[in-house]
Every structure is written in structure tokens, then in C-alpha cells.
Amino acid sequence: MPMELLRELARTPLPCTLSEDADIDRLRVLRAAGYVAAMLPTPGSQSRLGRVLAITPQGRQALLRQASGSGDAGPIDPTSEPTASYQPTPAQSAGIPRQESPRVS
């Protein structure tokens, strides 16, 4: 289930890379629900890797709801619009480390 993967990701140092097809499928659901910021292979591409960048605030809330005993983190609707505002820059998507700009006094 996608929530099991989300719990695993919460215990994993991020960013991380997933390579199993089943994990990629669950990651697609989590990203569509707005629970994670992730880069996924496009359909038909040679790549079989998914990169998890972060768990979004919405994803953290879902984990808290589940841990608080409500038992339900809420429905995951892959057709809904994500509420997270995180969007990686092209440099981040390419894996280029961010360089600080020099400060001007």
C-alpha cells in the first residue's frame, strides 16, 4: 500500500532512489496525492528509477493522522491536484548541487 511506503520513507534519509517497479507504482500514487516531491520515470522511458526528494507537509499530516490512531490517513485520490508547492528547479532535477550566490553589501 502507498501509506506503507510513505512510512518507510519517513524513516529514510532523503533524497533517496527507488528501483523496484512496485515501489515506483506506489510512489506515483503518493506524488499524485501530494504526499511526496519525487521525480519519476516517464512512461516508455528506459529509466526504472524513482527519486524521492521530500515528504510534503500534506504527507507529514497524513502520517500524523495515521499515527494518532484515527487509522485512516485519508483517501489517496490520484486524480486530485497536489497541494504541495515544492517544485524542483531544473538544476535540482538534474542532480546539480545548489551553489550559494555571493552576498553583495
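With no solvent and one point per C-alpha, what does the Debye sum give as log10 I(q)/I(0) for the range 10-67 at q = 0.12, 0.20 Å⁻¹? So the normalised log intensities are -0.27, -0.72. In this structure the range 5-51 gives 55 Å² per residue of accessible area when probed at 1.4 Å with all protein chains present.
The values are calculated or read from the model by the stated rules, or taken from the named source; none is laboratory data. Quick caveat, the model's predicted, so the values are computed rather than measured. In case anyone asks, the SASA skips ligands and DNA or RNA and just uses the protein heavy atoms, side chains included. Shrake-Rupley method; radii C 1.70, N 1.55, O 1.52, S 1.80 Å.
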